[in-house]
1. Across segment 76-103, which residue is farthest from the chain's Cα centre (by Cα) among those that are of a type in the set (A, V, I, L, M) and under 15 Å from residue 168 (Cβ atoms)?
2. It is to be established whether one or more residues within segment 84-94 are of a type in the set (Lys, Arg) and touching a Leu at 6+ places or on another chain (Cβ under 9 Å).
3. In segment 131-147, is there at least one residue being under 21 Å from residue 81 (Cβ atoms) and away from the ligand (no atom under 16 Å from the Cβ)?
4. Just need a number here: residues in segment 130-176 that are in contact with a helix residue (DSSP H, G or I) (Cβ under 6 Å, 6 or more places away or on another chain) and open to solvent by less than 20 Å² (accessible area, probe 1.4 Å).
5. Collect the residues in segment 37-75 that are open to solvent by less than 40 Å² (accessible area, probe 1.4 Å) and more than 21 Å from residue 198 (Cα to Cα), keeping them in residue-number order.
6. Please find, among 101, 47, the residue that is over 21 Å from residue 155 (Cα atoms) and of a type in the set (A, V, I, L, M, F, W, C).
7. Got a sec? Which of 90, 108, 95, 127 is acidic (Asp, Glu), more than 14 Å from the ligand (Cβ to nearest atom) and surrounded by 15 or more Cβ atoms within 10 Å (Cβ to Cβ)?
8. Residues in segment 72-88: is at least one more than 30 Å from residue 204 (Cβ to Cβ), among the polar types (S, T, N, Q) and touching a Ser or Thr at 6+ places or on another chain (Cβ under 8 Å)?
Amino acid sequence: MEVIICRNADEAASLSADLIEDVLRQKPNMTLGLATGRTMEDLYDKLAERHQKAGLDFSLAVTFNLDEYIGLPAEDPNSYRAYMNRHLFDRINIDKCNTFLPNGVAEDLDAECAAYEARILDYGGIDLQLLGIGRTGHIGFNEPLSALQSRTRCKTLTPGTIAQNSPLFDNPEDMPRRAITMGVGTILESQRSILLATGTEKADIIAKAVEGPMTAMISASAMQWHQKCTVILDEAASAKLEHTDYYHWIFQNEPEWEPYRAKYSA
Ligand code: F6R
């Protein structure tokens, strides 16, 4: 795991976009794992802008989202499919046939979860998985106690997550209590991952996930086990970390970050 602390949320989103762009330029048919949520909106704005102004080409890319609410059809404005269309897919040149989310209204939800896993494998696995973090420490909707080897499945959301997301619904009571989510084990199999977190309200959980012990009570802590996870933060989200000097040192000295240093040195 590496931690990069940017000066602000805009730079954190911009660095995340740079890393996605680098992989996409090297491998135009990359498989990109996507997240939803407020934190991702700036990043998707930046990717859309790079497509519109600099021709960043998504025509061969394939995407798999982490999760979808159970009971919401794709056409529901609160579904994650609708979110993705609005914030990214309708603004870039991706072929929507190559964009996958779990079907939250499938008749047989367990079969849907198994088929989702199989499809990820059919596409050769995920090259780059993008993650946010919930205040419960979830990645995707892997709420506390999610097995570290879990696969795509149905999960009941915690009251904390419902409190976090229900204000986005016209009627907060309409927020589903369950979702389909990729498992922690599924996420751990991605070749590379970026966990993007910004804002003071993420500082406590980031400190636990990054510097605390790996535990099923905080799914994001499992990213300590990932082969190549880059945690990208703004200063607010990094505020409770103890070893920030060390993280800055790595960013200043690791050759991989040389091309980014001048732009993002905090
Ligand atoms: C949703 C997802 C979640 C969010 C997390 C943070 O697809 O993956 O793990 O990333 O709940 O959400 P925001 O950014 O709204 O704080």
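The values are calculated or read from the model by the stated rules, or taken from the named source; none is laboratory data. These numbers were taken from a predicted model, which means no experiment stands behind them. A quick note on method: Cβ atoms are made from the backbone with ideal geometry, for glycine too, and the neighbour counts reach across all protein chains shown. For the accessible areas, the whole protein counts, side chains as well, though only heavy atoms, and no ligand, DNA or RNA atoms are used. Shrake-Rupley method; radii C 1.70, N 1.55, O 1.52, S 1.80 Å.
1. The extreme case among them is 82.
2. Within segment 84-94, one or more residues are of a type in the set (Lys, Arg) and touching a Leu at 6+ places or on another chain (Cβ under 9 Å).
3. No, the conditions are met nowhere in segment 131-147.
4. Counting residues in segment 130-176 that are in contact with a helix residue (DSSP H, G or I) (Cβ under 6 Å, 6 or more places away or on another chain) and open to solvent by less than 20 Å² (accessible area, probe 1.4 Å) gives 12.
5. Correct list: 56, 58, 61, 62, 63, 64, 68, 69, 70, 72.
6. Numbers: 101 fails: over 21 Å from residue 155 (Cα atoms).
47 is the lone residue from the list that is over 21 Å from residue 155 (Cα atoms) and of a type in the set (A, V, I, L, M, F, W, C).
7. 127
8. no
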